[in-house]
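Just below is one structure, and these are the notes that go with it.
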Amino acid sequence: MEEKTNCTESPACRQKCAAALLPFLGGFIAALVLGWLVIPSLLFDSETQPLLFSHATHMKKAGAVCLDCHSVRSDGSFTGIPQNDVCMSCHNGILTPEPGQGASPVEKAAYQAEKSFVENYLNPGKPVPWRKHQYQPQNVFFSHPAHFQKCYTCHLTMQGRLNLGTPENPQKLCATCHVSLEKLDRDAPVETNILTGYSSGTLKMSECERCHANPGHFYADGRGRTFANNACFTCHK
Amino acid sequence: MGFDRRAFLKIAAGASAGIMVTPVPWKLLDDVSIWSQNWSWIPVPARGASTYAEVFSKMDPFGVPMKIRKVGGLPVRVLPLPEHPLGGGLSPLSIAEVQMLYSPGRLRRPLLRGADGKLTEISWPQASKKLQDELKNAGGKAAFISGDETSSVTEVLSAFANALGSEDMYLMPSEAQSAAKAAELMGIDARLGYDIEQSDHLLAVGANILENWGTVLRNRRVFANSRPHSFRKDGGEETGDSLSLVYAGPVQNNTAAVAGAWLPVYPGTEGILALGMANMLIEAGKTVAARDFEEFKALASAYTPEKTAELTGVDGKKLEAEVARLLTAQKPLLIVGSSAGGGAGPIMAGVAVNALLGNINKPGGLVLLPKAAKVLKGASDLAEIYRNDLIKFFEREEKPALLLIHEANPAFALPNAQACAAALKAVPFKVCFSTFMDETAALCDLILPLGMGLERLDDVETPYGSGKIGYCISTAVGRPDAGVLNTANVILNIARRLGKDLGFELYADILKAKAGLYGKGGDPLAGGFAVESAERAEAGAFSFRPEVLGKALAPDEARGKLRLAVYGRASLGTDKTGIPPYNNKTLRADELAGSLMSVLLNRATAARNNLADGDKVSLESGGGKIVARVRVFEGIINDTAGVCRGFGHTALDEFSRDKGANVMEVVRPVPEPETGLNFWAKAGVDIKKA
Amino acid sequence: MSANKHFNVKWGMAIDLDKCTGCGACMVACQAENNLAPLADASNKQRVPNWLVVYELSNKKSFPDHEIAYLPRPCQQCAEQPCATVCPVVATERNEEGGIVSQIYPRCIGCRYCMAACPYHARCFNWFDPVWPKGMEKALTPDVSTRPRGVVEKCTFCHHRFMQAKDKVRAGGGEVYVRGTDNKLHCAVPEDGYVTSCAEVCPNGAIVFGDLNNPEHRVHRLVTGNANAFRLLERLGTDTAVYYISRREWVRRLGDNYLPDEDTQKPKQILPKRH
């Protein structure tokens, strides 16, 4: 055991004290690095999509809106990732012009992706094994039509507060919950949590509660104007 | 400064403090809680778009049209098809059909029994070749059993048997067979049908019409439509029914539970009840212009109300009241039947009563339906095949060289099941086309996996009990990877290779031709919907045949201490399917406890036999013995033991095995005098504590 | 927590016991619809999860005056729930338009207080993990989640079908709740657009399902002012949404614990509330 000394007076002693704190600081900083940078990335498995798919190309160049490819069926269910027949309504062949010599790598990649899609999937009638960015847990019932219908009821008239776009082009409403399209523009890998099995894009219940548990929603206009209350059965099955 | 314990503790403390200001602990806590909700061994249902297909159940013999819901292309649910003429709701068996696609008892690969008695998997071409060789060797000494009387497969088998020169083509005993025999004996060149839709008073004698007799879904829909939900204002009157239903039988069964009245009669005396009623109707002045009416009258007059009451156990006053109701009803209809083994005599007596009521070929009456259409020239008529008695075939000393069984389980279903199994074993080469590894398949030398109704193209022609001719196609909606083939296609293929021309190469072509004969419009092979025809056969001159009836119905001594009433429950499946996986939850604790099933005795009967509720007893008859537990149930006639059939499977899967005992082991068939059929409705048993 | 909440729509049933033959089709359909696992031995009824059970009733008379009837028992969807009031984790509640009592499996801690509280034995506990024979899990429906062992479950009036029916209305561009001719809010789902699986498969039409508050629905007309309609253990004050109809008095008497000489038609005295 060291002798107990009063070290505030002696510089050597202060130095010694600081040195004594070093391991603590080292551990602290190492934990910060691990906790902020290393472990979060270890928690996720990363998978790339079988094909490069660009939402930007489809929306900016082809002028498509979300509902053109992801729609609500007449029975009220949501199609989710479109099947080949939806793609076929435009892709009757390879639409991208073959890139010339001076084409950028991006253009070449886009051409290759479409070629591969038409030849390997569309023509043989094989569904593309897309990795899904967002899939609700099996105990969740999420109604797309309810949100299309109900969110606009108020938000169209209060654009200053939260602009959700229009029912014809609900891109902003979709983006409230879905991964931003910029991120999906490139070949964004799907990150799957190794513990839970859900992708990093899967909405947490707290995200749902931002609106569902917001008293402004169900007390807004007399009780239950939106009928989107926070009862468990509103979302669970 | 070296790295000592103190430094280590300091690093650990620093790391602990540091980790708390990162998202890691909170993220992990959250993730672990989610992880704990999703165990890998709990399956997650697959997702996809819902699509629907219309089919007709091949598994439920009681006429069940259905709509299959598929998710992502795979069937997940059976839904009702109320628009269909026979539809409206579902039976407990048909609902389970999608699940049964994956039943553990399913057969997936052809199996061949080697010299050592072990079964080995072989390929379809090998199996087909083996079957072809065996059939070639057997030639005219091959025998055939079909368990599907409504399907054209029976026609194919019959044509093939005829082409081989075999006379041994059989159907499993059924109500349709008894009815065909009754019609034949009475000189009626048609099939019996019942127009319950337009009847206003229905007396079902022995026929459990709301559970397992005839076209059950249709019967039940007619019953439901005829009976408005009761509504009574305080002190007010009831709403009336447009059809009154009375059930006569030994056990207060599912039909009796909702019938306006239950008329308890001893098992096997249903025909006598009908004859007694005929006598009372004749006394009331009813008559029929038939050749032998006077002789019939003389026979019936022996069955006075007192004698009828004594023989059948029915209460004399109730009998009078029921006859009075038949006389006052506008369109009364009598249905005599059983769940199987009732014989032709009672059905003949039933036809006689209906004739006296003047309802033959009338709205709401007994209707005569034209015979089934045939497209294969070499095939026999269904009525001809019905003439061959399967029980006699099994009792025969001389065995066939080969026995081919399609969708039938005689080793379980026939009376004296063990003797049947022994007779089956004695056949040198046994082949079966079966969906499940049932008791019969387990005895066979070559076992060929047959697709379930949901996996094959097949047809259904006028299930027995229907009031109209109907023809429905059932298409395959199930898994394409099941490794199963259709019996008819295999046989057609072998016939061609053996040089026997049956006129068709593919079963689908046979069905197309048939659909054409029945006038089915649109795509001939489209599933589900039926063509229906109200076409009636000529009533013609029929006779009562009292000389046959008198002997067939003659009362005899009970063969045992107690009479045996065998009843059925739809949720127990059929002899071929066993108990569907979900359905054993529908059995109440008083029906099956562990592996012990119940035998029903009423309090007086139990007391007379010194038995009490819960006693373990054995029921014995003719060397057979089954064990059961006494359930004192007041809904059964005196001196009668009620046993549910469908228990006691020894093969199939864990959902059917080791549950109760097979009552057919104590049921002994006896030849029905004069009719040439075997029947077993008058069986008796001895009961004692086990 | 839950006081008797009033909802514009109150889903309910009228089960006609004079039509039920006890075939069990409703029980089988319920299991297939709600992804219950089959059991090889289902004879120990205390261990068998079943959301709907068909009971056999007897008039207790001897042969030949004996009569039987069958009574299907789903969750009674009480407006005054004995179950939700005792749930320590709010895994079950009645808090949504339609008045269906919810059950949230990931939230349930399996304490089984609710089972003890339910006077109808409508709740069951998963003593074991559900096991489907190999391949049969492919026939699960995506509408209802599978449950692990250790949680309580019960009939939800096929709530997923309600959700799907509402979405169908929305997909057609309609509003789900509209004002009816009586100037009250009713659900725009057509009467046959939302039917429970048990009601749908019953060949006898014994189960009538609909909105008890909607005068245009059959179920409303059947139970309003019908002296032959009764509810189970009505005097507990649970205010259930399942009515039974029978013209047989002995059947109606079995709906509650009546004294031998007690008149079943008397106005019901509701027991004082304890919850």
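Under 5 Å from the amide H of residue B:651 lie the amide H atoms of B:439, each residue being 5 or more positions distant or on a separate chain, with H modelled from the backbone and absent for Pro and chain starts. Packing, taken as the mean count of other beta carbons within 10 Å per residue, orders the peptides B:182-188, B:316-322 from highest to lowest as B:182-188, B:316-322. The distance separating the Cα centre of the range A:77-107 from that of the range B:14-82 comes to 31 Å.
In percent, rounded to a whole number, the relative contact order of chain C is 27, using alpha-carbon pairs under 8 Å and six or more apart.
Taking chain B as the reference, fit the longest principal axis to its C-alpha atoms, fit the long axis of helix B:152-164 to the helix C-alpha atoms, and give the angle between the two in degrees, 0 to 90, nearest 10. Result, in degrees: 70. Starting from one equal scatterer on each C-alpha and no solvent at all, send me the Debye-based log10 I(q)/I(0) for chain C at q = 0.14, 0.15 Å⁻¹, two decimals. For chain C at q = 0.14, 0.15 Å⁻¹, log10 I(q)/I(0) is -1.09, -1.25. Note on the range C:65-170: along the principal axes its Cα atoms extend 45, 38, 34 Å, ordered by decreasing extent. DSSP finds beta bridges in the protein assembly as shown, and of those with both partners inside it, around 60 percent are antiparallel.
Between residue C:261 and residue A:81, the simple label model (points 7 Å from Cα in the Cβ direction) yields a spacing of 7.5 nm. The residue B:30 and residue C:269 beta-carbon pair, evaluated with R₀ = 60 Å, returns a calculated FRET efficiency of approximately 0.75. The distance linking the range B:616-690 with the range B:564-595 is 14 Å (Cα centroid to Cα centroid, whole angstrom).
Between the alpha-carbon centres of the range C:220-243 and the range B:418-485 there is a gap of 48 Å.
Note on C:44-57: average number of Cβ atoms from other chains within 10 Å of each residue's Cβ is 2.
Proximity of backbone amide H atoms, modeled 1.01 Å from N, is registered between residue C:151 and C:126 at under 5 Å, excluding neighbours fewer than 5 places apart on the same chain. Our summary gives chain B a relative contact order of 18 percent, counting only alpha carbon pairs under 8 angstrom and 6 or more residues apart.
Backbone geometry of the range A:108-121 corresponds, through the Karplus equation with coefficients 6.51, -1.76 and 1.60 at θ = phi - 60°, to 3J(HN,Hα) couplings of 5, 5, 4, 5, 4, 5, 5, 4, 4, 4, 5, 7, 8, 10 Hz, x marking Gly and Pro. Springs between Cα atoms under 10 Å define the GNM used for chain C, and in it the highest mean-square fluctuation of C:92, C:264, C:196 occurs at C:264. Multiplying each eigenvalue of the alpha-carbon gyration tensor of the protein assembly as shown by 5 and taking the square root yields semi-axes of 61, 38, 31 Å, largest first, rounded to whole angstroms.
What does the charge add up to near residue A:80, with Lys and Arg as +1, Asp and Glu as -1, over the other residues with Cβ less than 11 Å from its Cβ? Charge balance in the 11 Å sphere: +3. Note on chain C: GNM, Cα springs under 10 Å; of C:134, C:168, C:184, the largest mean-square fluctuation is that of C:134. Counting beta carbons within 10 Å around each of C:100, A:194, B:122 and listing the fewest first gives the order A:194, B:122, C:100. With the simple spin-label model, which puts each label point 7 Å out from Cα in the Cβ direction, the residue A:152 to residue A:36 separation comes to 4.3 nm. Applied to the range B:613-625, the Karplus parametrisation 6.51 cos²θ - 1.76 cosθ + 1.60 on θ = phi - 60° returns per-residue 3J(HN,Hα) values of 4, x, 5, 8, 10, 10, 10, 10, 6, x, x, x, 8 Hz, with x for Gly and Pro. A simple packing score, the average count of other Cβ atoms within 10 Å per residue, orders the peptides A:20-30, A:117-127 as A:20-30, A:117-127, with the highest score first. Counting Cβ atoms of other protein chains within 10 Å of each residue's Cβ and taking the mean over peptide C:219-226 gives 3. Normalised Debye scattering of chain B at q = 0.06 Å⁻¹ gives log10 I(q)/I(0) of -0.37, counting only Cα atoms as equal scatterers and leaving out solvent.
Inter-chain Cβ neighbour count for C:9-22, averaged per residue, equals 4 (cutoff 10 Å, partner chain atoms only). GNM on chain C, alpha-carbon springs under 10 angstrom: the most fluctuating residue among C:121, C:217, C:66 is C:66.
The alpha carbons of the range B:329-414 occupy a box of 56, 31, 20 Å along the principal axes, longest dimension given first. Taken one residue at a time, the phi angles of the range B:435-452 give Karplus couplings (6.51, -1.76, 1.60, θ = phi - 60°) of 7, 10, 7, 8, 4, 6, 4, 4, 9, 7, 8, 10, 10, 10, x, 9, x, 5 Hz. Gly and Pro are set to x. Database remark: amide H of residue B:485 closer than 5 angstrom to the amide H of B:451 (H placed geometrically; neighbours at sequence offset of 5 or more, or on other chains; Pro and chain starts carry no H). Near residue B:309: Cβ cut-off under 11 Å, other residues only, Lys/Arg at +1 and Asp/Glu at -1. The net charge is -1. Taking Cα atoms only, the orientation of helix B:316-328 departs from the longest principal axis of chain B by about 90 degrees. With neighbour counts taken as other beta-carbon atoms within 10 Å, the residues B:146, B:656 rank, fewest first, as B:146, B:656.
Computed from the alpha carbon atoms alone, the convex hull of the range B:554-689 holds 116 Å³ per residue.
Look at the alpha carbon pairs under 8 Å that are at least 6 residues apart: their mean separation over the length of the range B:554-689 gives a relative contact order of 35 percent.
No value in this document is a laboratory result; all are computed from the given coordinates. Quick caveat, the model's predicted, so the values are computed rather than measured. Ideal geometry is used to build each Cβ from the backbone, glycine not excepted, and the neighbour counts take in all protein chains shown.
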